[in-house]
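Enquirer: What follows is a single structure, and I will ask about it in a moment.
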Amino acid sequence: MKNLQIINSETLKRITSKRSGETKFFEHTNYLSNLNDLPSMLGDSEVKFVLFGIKEDIGVLANHGQAGAKNSWEIALKSLLNLQSNPFTNPSNVLILGHLEFSDEYVALSEVKPDQLQSAQRSCVENIDQCVAELVCTIVKAGKVPILIGGGHNNAYGAIKGSTLALDSKINAINFDAHTDLRALEGRHSGNGFSYAIHDGYLDRYYIFGMHENYTSKEILNYIEASKSNIKFSTFEDLIIRKQTTFKKASKDAMRFISSSKFGIEIDCDAIQNIPSSAQTPSGFSVNQTRRFIHYFGSHPNATYLHICEAAATGIESANSQTGKLLSYLITDFMNARNGS
């Protein structure tokens, strides 16, 4: 599996800790001994969720965003693995696969001339798309539920494409995001994953939940209007500021629009207030609203994958710890919802 690095014992020792009288998540979850074990592990009836990270923010940089998303996998993993192992977290049905590593791509990009860098970054994102799509396709085809953590929102394209190839049918998507990510087909980056997925025939119905009016261009609004049978949205201002509709009603409307067939759940941490991300916002949804959103949509049997992206690691350990806790809450909320609890 191209670019996939499984978790080794040294990593586990470095990021986990045992405590007398307690059993932690990492002690009861599943890992690969080597990549050759992947088919048999995916065939294990007890495993339901396959969790992996994406260590890149090249798509974010290619879209003029702030770096940091490539390191969010590590802080999420550290928090998740040190949770308690109990009937609520149920780690025995989770396979912690590892992460997609793109360090060679960063080395290659460091040698590119500045005036050619953006083009090189966008070409690199196309290669990342292929890696993500291949891995997601393998997981979904095996009847498991992939959970993708880290990287830019460019990876929505790979998640959608991989799911579509596995299911041999277009899928839908619900995107909890301040932005539409429907920018022009100008070369791949974090701002056009959904427009490319629509153009390439992988995405059918698309709902943007909580779009920020100040950051949506007239051109994109015109594109949505022309595609209104397949693209719908609610704005953050209608939901939270003007209160012209409620969070609950908007959620139900979105569910009706996307749930008649398989769909992916996209969580862009740019939408959550004051969370370090590639485009951090002072005005956004609360953590608890985000958790309720994931539980509501994750409880539907057609929920095919969860993708949490754009959270950014910082140089401040306490901030990283809080972000890691947030990501572990969102992961376990989704798993509990899919498990029916």
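Enquirer: For the range 42-173, what class follows from the C-alpha gyration tensor (a ≥ b ≥ c being the square roots of its eigenvalues): rounded when a/c is under 1.5, otherwise prolate if a/b is larger than b/c, else oblate?
Expert: oblate
Enquirer: Tabulate in residue order the Karplus-calculated ³J(HN,Hα) for the range 303-320, using 6.51 cos²θ - 1.76 cosθ + 1.60 with θ = phi - 60°, rounded to whole Hz; enter x for Gly and Pro.
Expert: Per-residue couplings from phi come out as 5, 9, 8, 10, 10, 10, 9, 6, 5, 10, 6, 10, x, 9, 4, 5, 5, 5 Hz.
Enquirer: Restricting things to Cα coordinates, could you compute the convex hull volume per residue of the range 192-311 in Å³?
Expert: 111
Enquirer: Using only DSSP helix segments of four residues or longer, with each worth -39500 (n - 2.57), what per-residue ellipticity at 222 nm results for the chain after dividing by its residue count and rounding to 500?
Expert: Taking each H run of at least 4 residues, the total per residue is -12000 deg cm²/dmol.
Enquirer: Go ahead and set up a Gaussian network model of the chain, Cα springs under 10 Å, then flag whichever of 277, 299, 72 fluctuates most.
Expert: 299
Enquirer: Could you tell me the calculated FRET efficiency between residue 200 and residue 20, based on Cβ-Cβ distance and R0 = 35 angstrom, to the nearest 0.05?
Expert: 0.05
Enquirer: Along its principal axes, what span do the Cα atoms of the range 4-338 show, with the longest given first and each in whole Å?
Expert: 57, 50, 42
Enquirer: Just grab the label-to-label distance for residue 283 and residue 243, each label 7 Å out from Cα along the Cβ direction, in nm (one decimal).
Expert: 1.7
Enquirer: By its C-alpha gyration tensor, with a ≥ b ≥ c as the square roots of the eigenvalues, how is the range 1-86 shaped: rounded for a/c under 1.5, else prolate for a/b larger than b/c, else oblate?
Expert: oblate
Enquirer: If you build a Gaussian network model of the chain, linking Cα atoms that sit under 10 Å apart, which residue out of 331, 316, 208 swings the most?
Expert: 316
Enquirer: Tell me which lysines have Cα within less than 16 Å of residue 48's Cα, excluding those fewer than 8 residues away on the same chain?
Expert: Hits, sequence-local ones excluded: 141, 144.
Enquirer: Right, next: Beta carbons within 10 angstrom, averaged per residue: use that to sort the peptides 56-62, 74-80, highest first.
Expert: The most tightly packed comes first, giving 56-62, 74-80.
Enquirer: Hey, what did the chain get for relative contact order, percent, Cα under 8 Å, at least 6 apart?
Expert: 20
Enquirer: Let me ask something else about it. In terms of the Cα gyration tensor, with a ≥ b ≥ c the square roots of its eigenvalues, is the range 235-286 rounded because a/c is under 1.5, prolate because a/b exceeds b/c, or oblate?
Expert: Oblate is the answer for the range 235-286, as a/c is 1.5 or above yet b/c matches or exceeds a/b.
Enquirer: Show the residues, 5+ positions off or on another chain, whose built amide H is closer than 5 Å to the amide H of residue 314.
Expert: Those qualifying (amide H under 5 Å, at least 5 residues apart or on another chain) are 320.
Enquirer: Leaving out same-chain residues fewer than 8 places away, which lysines sit with a Cα under 16 Å from that of residue 325?
Expert: 24, 78
Enquirer: So, one more: Find how much the distance from residue 35 to residue 229 grows on full extension, using 0.36 nm per residue of separation minus their present alpha carbon separation; answer in nm with one decimal.
Expert: 65.6 nm
Computed from the coordinates by the stated procedures, all read-outs in this text should not be read as laboratory data. As the structure is a computational prediction, the values presented were derived from the model and not from experiment. Note: ideal-geometry Cβ built from the backbone for every residue, glycine included; neighbour counts use all protein chains shown.
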